[in-house]
């Protein structure tokens, strides 16, 4: 499902750089799925961990069983028609892929983040689920989301201000220079704010695909801003960035 692995990324050290003090964090890792989850400390119980593990196992089982029936679903780089009675996770991924013009697996991380996050949102006040740079956020207060953009000078130096009223929201990042995910582009970070999270994930993938050099930043912006459901775009390549929409950038 994924491309080249990078040990520094695999350890996901960036997760320790910026953590909200009011949230309790825990991890759920099953095969390739590696979630960092934060919930408001007053709502956390140990039972939430096992609940998330069961949810991820069920989602993975449904997706893996569908791929056995439709192997093209896993490898296609373009949208696909899905089989009748496909499970919800397959439907969500295919819908987002069709909107963005990419293959269904481009939306897998955002879909997992949203599915787990929505389940938790029924039991907690605040929740953030991060899955390899793809985030589902449902918060009762404003948050700052730190930007990780590999070796770019902006990496971990800036953040996105996200207002509580924007929740629930997807904030997803695609990179051609960082991490294991497959990208046809060379953006250090293509970041999309959208609802739902799987749409943000799929659009981020295609926006990142469009960036080969700094001259392509506006090409990615022009593409993403025309997709209904996208509220903000930030694209970074080396020492340049471009933004559109509801994007408030703060220094960290």
Fill in: Residue in region 145-163 that is farther than 26 Å from residue 243 by Cβ, modelled with pLDDT under 95 and surrounded by fewer than 24 Cβ atoms within 10 Å (Cβ to Cβ) present
no
Worksheet, complete the sentence: Every listed condition ((1) touching a residue at least 40 places away in the same chain (Cβ under 8 Å); (2) outside any strand (DSSP E or B)) holds for residue 144 save (2)
Item to complete: Please go through region 14-39 and pick out each residue that is in contact with a helix residue (DSSP H, G or I) (Cβ under 8 Å, 6 or more places away or on another chain) and either in a helix (DSSP H, G or I) or on the phi > 0 side of the Ramachandran plot (or both).
Response: 31
Item to complete: Hey, could you check region 217-252 for residues that are over 19 Å from the mean Cα position of the chain (by Cα) and outside any strand (DSSP E or B) and say which is surrounded by the fewest Cβ atoms within 10 Å (Cβ to Cβ)?
Response: 226
Fill in: Residue match in region 159-178 (condition: free of Cβ contacts under 8 Å to residues at least 24 places away in the same chain, more than 13 Å from the chain's Cα centre (by Cα) and not in a helix (DSSP H, G or I))
yes
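Of the residues 17, 35, 120, which single one is touching a strand residue (DSSP E or B) at 6+ places or on another chain (Cβ under 8 Å), within 30 Å of residue 141 (Cα to Cα) and at pLDDT below 95? Full working, then the answer.
Values: 35 fails: at pLDDT below 95; 120 fails: at pLDDT below 95.
Only one candidate passes the filter, namely 17.
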Discussion item. Could you check region 127-167 and list, in sequence order, the residues that are over 19 Å from residue 197 (Cβ atoms) and touching a strand residue (DSSP E or B) at 6+ places or on another chain (Cβ under 7 Å)?
Written reply: 149, 152, 154, 156, 157, 158
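Counting just the residues of region 122-143 that are more than 13 Å from the chain's Cα centre (by Cα) and surrounded by 15 or more Cβ atoms within 10 Å (Cβ to Cβ), which one comes out nearest to residue 26 (Cα to Cα)?
Taking region 122-143 first, the residues more than 13 Å from the chain's Cα centre (by Cα) are 122-127, 138-143.
Keeping just the survivors that are surrounded by 15 or more Cβ atoms within 10 Å (Cβ to Cβ) gives 124-127, 138-139, 143.
Working: 124: 14, 125: 16, 126: 14, 127: 11, 138: 16, 139: 17, 143: 19 Å.
Going through the qualifying residues, I end up with 127.
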Discussion item. Suppose the filter is in a loop (DSSP other than H, G, I, E, B), at pLDDT 95 or above, over 18 Å from the mean Cα position of the chain (by Cα) and farther than 29 Å from residue 158 by Cβ; does residue 42 pass it?
Written reply: yes
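The values are calculated or read from the model by the stated rules, or taken from the named source; none is laboratory data. Just so we're clear, the structure is a prediction, and the values are computed from it rather than from any experiment. Cβ atoms come from the backbone with ideal geometry, glycine included; neighbour counts cover every protein chain shown.
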